[in-house]
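The block underneath contains the structure these notes are about, expressed in structure tokens.
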Amino acid sequence: MTASKKLPPIMNMTDETITENTNIINSQSGDARLQFLMHRLVTHLHDFARETRLTTDEWMAAIMFLTQVGKICSDERQEFILLSDILGLSVLVDGISHPKPPNATIGTLLGPFHAHAHEFENGAAIASEGKGEMCVFECTLKDTNGRPIEGGSIDIWETDETGHYDTQYEDRDGPDCRGIVHSDKNGDFWVKGIRPVSYPIPHDGPVGKLLKLLNRHPYRPAHIHFKIKKEGYDELITALYVKGDEYETSDAVFGVKSELLIELKKIEDPEFAAKYGVKVGDWYIHKDFVLVTNEEAKELFVKNSKKALAKINVNATIVDGLPVADLD
């Protein structure tokens, strides 16, 4: 921007005019979506400060907290994702971004431990020896009309029996307790992993200190993650949670949804055990996953956006499915 560019005029600066003045100055990008996002961000931030009577010391403490969150981030640890998770924001954003009709599998948060994984054939073990009790994950992949989806990419990851992901080990020599498989012509896929266990999220950093201040525990109920992709379908990021886990109703990152609770069962049938190359007494989980098409997801996203904006009396135009500011 050159010094000669004419800026929009602002009003006399007071506590009452600062929000409108900031939004006026931020209205120059020409990007309607960016302008809408910044307008709502500034408005809500300023309203928060006014409503709470935020002090300089409190705001500086918040800045220093965010600084520490940034400092602990690395290629293997994303503390900002963890912060988003414990505030419930990750689950909310996923729900908004990937709406589902009643007959589709709902999503939940990605979490901070998704990483590169090797591809496996159906029936393979994605966990190395000694990582925990054997568990068969037998699943199907279909569309909302009940038709099998062939060739879907299913990225699966979980902790070992100690509650640690492979990326949390400094001496790891490659991916473990994670892998990618593909659905067959019948929409089926199955792998051998380990029995999911509950575990604490990393709480040795600033997010952990915040949880302690809030008198909250850092535990997640036993679960296994799935990231499912297929061209023409809305990507599904979800997880299955073991029903009856002691942390089922107090997940530290709010990821549990009733539709994602599953029964963890013991394998009792010798024929079933032989079919999957496991033993009687090992564990078994079954889940039917249902994907929505990109068209179905987009239509529902627009419908939900219009409904949400009308509810809070926010004037915005829907362009390419997203609310944007009116630049006229």
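The values are calculated or read from the model by the stated rules, or taken from the named source; none is laboratory data. Since the model is a prediction, treat every value here as computed from it, not as a measurement. Positions of Cβ are backbone-derived with ideal geometry, glycine not excepted, and every protein chain shown enters the neighbour counts.
Cβ-Cβ contacts under 9 Å between residues 6 or more apart (or on different chains), taken from a first residue in the range 301-313 that is in contact (Cβ under 8 Å) with a residue 12 or more places away in the chain to a second residue that is part of a helix (DSSP H, G or I) and surrounded by 13 or more Cβ atoms within 10 Å (Cβ to Cβ), are listed as Phe301/Ser97. Can you name the residue in the range 82-105 that is among the polar types (S, T, N, Q) and not in a loop (DSSP other than H, G, I, E, B) and is also surrounded by the most Cβ atoms within 10 Å (Cβ to Cβ) among such residues? Restricting to residues being among the polar types (S, T, N, Q) and not in a loop (DSSP other than H, G, I, E, B), the top hit is Ser90.
Listed by first and then second residue, the pairs with beta-carbon distance under 9 Å, at least 6 apart or on different chains, first residue in the range 246-271 and hydrophobic (A, V, I, L, M, F, W, C), second exposed (fewer than 10 other Cβ atoms within 10 Å of the Cβ), are Val256/Thr249. Evaluate the range 62-69: report whether one residue or more is of a type in the set (A, V, I, L, M), surrounded by 15 or more Cβ atoms within 10 Å (Cβ to Cβ) and either farther than 30 Å from Ile18 by Cα or without any contact (Cβ under 8 Å) to a residue 24 or more places away in the chain (or both). No, the conditions are met nowhere in the range 62-69. Looking only at the range 70-80, residues that are surrounded by fewer than 19 Cβ atoms within 10 Å (Cβ to Cβ), under 19 Å from the mean Cα position of the chain (by Cα) and part of a helix (DSSP H, G or I) come to 1 in all.
Filter the range 168-186 for residues that are in a loop (DSSP other than H, G, I, E, B) and surrounded by fewer than 19 Cβ atoms within 10 Å (Cβ to Cβ) and give the result. Before you say what the answer is, go through the steps one by one.
Of the residues in the range 168-186, the ones in a loop (DSSP other than H, G, I, E, B) are 169-177, 183-186.
If the condition is that a residue be in a loop (DSSP other than H, G, I, E, B) and surrounded by fewer than 19 Cβ atoms within 10 Å (Cβ to Cβ), then Tyr169, Glu170, Asp171, Arg172, Asp173, Gly174, Pro175, Asp184, Lys185, Asn186 are the ones that fit.
Mind listing just one residue for me: the one in the range 27-57 that is small (Gly, Ala, Ser) and in a helix (DSSP H, G or I) and, of those, nearest to Val314 (Cα to Cα)? Only one residue tops the list, namely Ala32.
The residues on offer are Asp269, Asp282, and the sole one that is surrounded by 15 or more Cβ atoms within 10 Å (Cβ to Cβ), modelled with pLDDT of 95 or more, on the phi < 0 side of the Ramachandran plot and over 20 Å from the mean Cα position of the chain (by Cα) is Asp282. Filtering the range 110-122 to residues that are assigned to a loop (DSSP other than H, G, I, E, B) and at pLDDT 95 or above leaves Ala117, His118, Phe120, Glu121, Asn122.
Pairs meeting the criteria (first residue in the range 114-126 and on the phi > 0 side of the Ramachandran plot, second residue in a loop (DSSP other than H, G, I, E, B) and not hydroxyl-bearing (Ser, Thr, Tyr), beta carbons under 8 Å, at least 6 apart or on different chains) are Gly123/Gly277.
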